[in-house]
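Q: Take a look at the following structure, please.
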Amino acid sequence: RKGLSKAQMIVALTEGDAVEWRKAFPHVCVIPNMVHLNEGKLSTLDHKRVLWVGRFDYQKRPMEMIEIWKKLYPQFPDWHLDIYGEGELHQQLEDAVQSLGMNIHIHQPTDWIFDVYRNSSILVSTSLFEPFGLVIPEAMSCGLPVVAYNSRYGPANIVNDGQNGILVPMDDQQSFAKQVIHLMSDIDLRHQIGEAAVISAQSYSAEKIMPQWQKLLLCTKSQ
């Protein structure tokens, strides 16, 4: 609160986050993260690959996706789950993958993540909380439909449920698996949602975000 007394404005990434800050400080605006978006071709969405990207920690919850995969894999044994990242849960993940043998593959982080997006057909996000979630608009810009837990506060500010992606109630593994299965079963639905995702991802381009910062800085400078 001492630090807030010296601030002219707090910039939050999402409206949900802004609501919390306004409980302590009246001057809060929302400017989302600027995201490096896809500049190449889109995914054809015919790859039988589901993608999870993030840190292997308690926030991102990669083990949650393992549990969800166990529910859907028996119906789709020809599909693969690719998990990209690193972190404290790496060994736990490796042990689970080796014991299950369900087409789950763990990969190190890569500088070529957009190639990975383009060779996948669905992105999944299982975070416990998500201040914004850069991976979601990155994948959307490649045409991937996203299935994400509706965690505080990021996904709902990026994903319009049923339009450019799918939001699932927190910790409802059964519903999450059902929504992924729905997309796996219907390539037309993947294309429908993916096309909307590409358009909405442009909201986070430099051309859209930088003018918001310029406007804010000019406004605060004049005060």
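Q: Just the residues that are under 26 Å from W112 (Cα atoms) and in a helix (DSSP H, G or I), please, taken from region 158-186. Give the steps one after another, and end with the answer.
A: So the first thing to find is which residues in region 158-186 are under 26 Å from W112 (Cα atoms), and the list is 158-159, 164-166, 180, 183-184.
Passing the criteria: I158, V180, L183, M184.
Q: Looking at this structure, is I68 within 11 Å of the chain's Cα centre (by Cα) and of a type in the set (V, I, T)?
A: On the way: within 11 Å of the chain's Cα centre (by Cα): no; of a type in the set (V, I, T): yes.
For I68, the condition - within 11 Å of the chain's Cα centre (by Cα) and of a type in the set (V, I, T) - is not met.
Q: Next question, about the same structure. Residues of region 148-163 being over 9 Å from the mean Cα position of the chain (by Cα) and of a type in the set (G, A, S), which ones?
A: Of everything in region 148-163, those that are over 9 Å from the mean Cα position of the chain (by Cα) and of a type in the set (G, A, S) turn out to be S151, A156, G162.
Q: Does region 161-170 include one or more residues that are of a type in the set (D, E, K, R), open to solvent by 60 Å² or more (accessible area, probe 1.4 Å) and within 22 Å of W79 (Cβ to Cβ)? Show your work before the answer.
A: Within region 161-170, the first condition is being of a type in the set (D, E, K, R), and the residues that meet it are 161.
If we keep only those that are open to solvent by 60 Å² or more (accessible area, probe 1.4 Å) as well, we get 161.
Among the residues that remain, those that are also within 22 Å of W79 (Cβ to Cβ) are: none.
No; the residues of region 161-170 include none that is of a type in the set (D, E, K, R), open to solvent by 60 Å² or more (accessible area, probe 1.4 Å) and within 22 Å of W79 (Cβ to Cβ).
Q: Name, by its number, the condition in (1) at negative phi; (2) at pLDDT 95 or above; (3) touching a Phe, Trp or Tyr at 6+ places or on another chain (Cβ under 7 Å) that does not hold for G154.
A: Only one criterion in (1) at negative phi; (2) at pLDDT 95 or above; (3) touching a Phe, Trp or Tyr at 6+ places or on another chain (Cβ under 7 Å) is unmet by G154, namely (2).
Q: Now, a different point. Cβ-Cβ distance below 6 Å, separation of 6 or more or different chains: which pairs start in region 65-77 with a residue that is more than 15 Å from I106 (Cα to Cα) and open to solvent by less than 10 Å² (accessible area, probe 1.4 Å) and end on one that is among the aromatic types (F, W, Y) and at pLDDT 95 or above?
A: I68/F176
Q: Could you tell me whether any residue of region 10-22 is in a loop (DSSP other than H, G, I, E, B) and in contact (Cβ under 8 Å) with a residue 12 or more places away in the chain? Explain how you work it out, then say what you get.
A: Filtering region 10-22 down to residues in a loop (DSSP other than H, G, I, E, B) leaves 13-14, 22.
Imposing the further condition that a residue be in contact (Cβ under 8 Å) with a residue 12 or more places away in the chain reduces the set to 13-14.
Within region 10-22, one or more residues are in a loop (DSSP other than H, G, I, E, B) and in contact (Cβ under 8 Å) with a residue 12 or more places away in the chain.
Q: Here is a follow-up. Which residues, taken from region 89-118, are over 20 Å from the mean Cα position of the chain (by Cα) and either open to solvent by 70 Å² or more (accessible area, probe 1.4 Å) or among the hydroxyl-bearing types (S, T, Y) (or both)?
A: Q91, Q92, D95, Q98, S99
Q: Right, another one. Mind checking which residues of region 179-207 are in contact (Cβ under 8 Å) with a residue 40 or more places away in the chain and more than 17 Å from the chain's Cα centre (by Cα)? Don't jump to the end; show me each part of the working.
A: The initial filter retains those residues of region 179-207 that are in contact (Cβ under 8 Å) with a residue 40 or more places away in the chain, namely 180-181, 183-184, 187, 189-191, 193-195, 197-198, 200-206.
I181, M184, I187, L189, H191, A206, listed by residue number.
Q: Let me ask something else. If you check S125, S141, which single one turns out to be under 16 Å from V198 (Cα atoms) and crowded, with 24+ Cβ neighbours inside 10 Å? Please lay out each step first, then the result.
A: On the way: S125 fails: under 16 Å from V198 (Cα atoms).
The match here is S141.
Q: Identify the single condition in (1) of a type outside the set (D, E); (2) touching a residue at least 60 places away in the same chain (Cβ under 8 Å); (3) crowded, with 17+ Cβ neighbours inside 10 Å that V28 does not satisfy, given that it satisfies every other one.
A: Of everything listed in (1) of a type outside the set (D, E); (2) touching a residue at least 60 places away in the same chain (Cβ under 8 Å); (3) crowded, with 17+ Cβ neighbours inside 10 Å, V28 misses just condition (2).
Q: Outside any helix (DSSP H, G or I) and open to solvent by less than 50 Å² (accessible area, probe 1.4 Å) - does that describe any residue in region 192-205? Let's see the steps before the verdict.
A: So the first thing to find is which residues in region 192-205 are outside any helix (DSSP H, G or I), and the list is 205.
Subset that is open to solvent by less than 50 Å² (accessible area, probe 1.4 Å): 205.
The answer is yes, given that some residue of region 192-205 is outside any helix (DSSP H, G or I) and open to solvent by less than 50 Å² (accessible area, probe 1.4 Å).
The values are calculated or read from the model by the stated rules, or taken from the named source; none is laboratory data. As the structure is a computational prediction, the values presented were derived from the model and not from experiment. We place every Cβ from the backbone using ideal geometry, glycine too, and count neighbours over all the protein chains shown. Accessible surface is based on the protein model in full, side chains and every heavy atom, while ligands, DNA and RNA are left aside. Shrake-Rupley method; radii C 1.70, N 1.55, O 1.52, S 1.80 Å.
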